[in-house]
Amino acid sequence: MEETSPALESLLLPSIADVSVLSLEVSHEAIRIDVCSTASGAACPDCGSESTRVHSSYLRFPADVPSGGRLVVLQLRVRRFFCPESSCARRTFVEQMPGLTRRHSRWTERLRSTLAVVGLALAGRAGARMARAFWVSISRSAVLRLLHALPEPQVPAPRVVGVDEYATRKGRVYGTVLVDVETRRPVDLLPDREASSLAAWLAKRPGIEIVCRDRAPFFAEGATAGAPQATQVADRWHLWHNLAEAAERAVARHRQCLHVLVPDREGKADEPAPPEETDSPWRSERFANRV
């Protein structure tokens, strides 16, 4: 057991306020850090009222980011407070330390964000295998739950939007995909390919200047109704696709002209006849011997 210094405390728990490191214990397998809160009170999560009246306390053991090949475990003493608001349905509540813990979590916020980054890069099964490489035991389902808990990223309103269809059941059920053409990233998915759905989506984003779409009539109608200020263009793929179809139809229509331009060769040379077999003395003698 070692007494900690302010320098070691700032190294172990940087940028976390109102937390004191009481002791540090290092073994071959793990590093155990004894931590407590120095705040005078806490706010009720329901009504937001501040309370300093302590009901009880207990220990939590959230896992932290490993260090030096050892598992880091915090021995954290948290307090349960009485809610001072009589009208609040929550009579007592447990304090949470911002940046360190959250309710019902077995990991610190640092480890939680690290596992979320691993999940974003590798998804569930491979992310769980990678987590075991730095001594964190987690299932693939837990990795996926961390990803679902992440907040939706703030996507800027696109200036040039691409509109196309996608199939959930090919030949039966189709939807609409909208892509930011400048960043080449999907922006949204619509459950159908109706003109009204596209028009409603475009009407909420008046900053759209160009709509890049295919030649489907419902997309044309939706773009005209939802973004009358935008210029409608065809994307590169559909231009090449339409050009290839037009060229194929033109070649099929004028296939007979190719025979006129390249007539069959007249008077084809006869194939050379196989050489006549000539009797040789050796062949005659061999035949005579058989007779």
Practice prompt. May I ask you to say which residue of S51, S27, S23, S37 is buried (at least 16 other Cβ atoms within 10 Å of the Cβ), more than 35 Å from the chain's Cα centre (by Cα), small (G, A, S) and modelled with pLDDT under 90?
Written response: S37
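Listed here are the residues, each with its yes/no results for (1) within 59 Å of the chain's Cα centre (by Cα); (2) of a type in the set (A, V, I, L, M, F, W, C); (3) at pLDDT 85 or above.
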site	(1), (2), (3)
I210	yes, yes, yes
D214	yes, no, no
G222	yes, no, yes
H241	yes, no, yes
E245	yes, no, yes
A252	yes, yes, yes
H259	yes, no, no
T278	no, no, no
A288	no, yes, no
Fill in: Scope the range 197-239; condition small (G, A, S), open to solvent by less than 30 Å² (accessible area, probe 1.4 Å), farther than 12 Å from D164 by Cα and assigned to a loop (DSSP other than H, G, I, E, B); matching residues
A227, A230
Item to complete: Might you let me know whether the range 128-147 holds any residue that is of a type in the set (S, T, N, Q), open to solvent by less than 50 Å² (accessible area, probe 1.4 Å) and at pLDDT 90 or above?
Response: no
Item to complete: Considering each residue of the range 168-193, count those that are open to solvent by less than 50 Å² (accessible area, probe 1.4 Å) and either aliphatic (A, V, I, L, M) or within 20 Å of P206 (Cα to Cα) (or both), and give that number.
Response: 7
Discussion item. Residues to consider are P98, P84, P153; find the one that is under 30 Å from V233 (Cβ atoms), part of a loop (DSSP other than H, G, I, E, B) and open to solvent by 10 Å² or more (accessible area, probe 1.4 Å).
Written reply: P153
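The values are calculated or read from the model by the stated rules, or taken from the named source; none is laboratory data. As the structure is a prediction and not an experimental result, all values here were calculated from the model. FYI the Cβ positions are ideal-geometry reconstructions off the backbone, even for glycines, and counts take in every protein chain you see. Quick note on the areas: whole protein, heavy atoms, side chains included, nothing else; ligands and nucleic acids left out. Shrake-Rupley method; radii C 1.70, N 1.55, O 1.52, S 1.80 Å.
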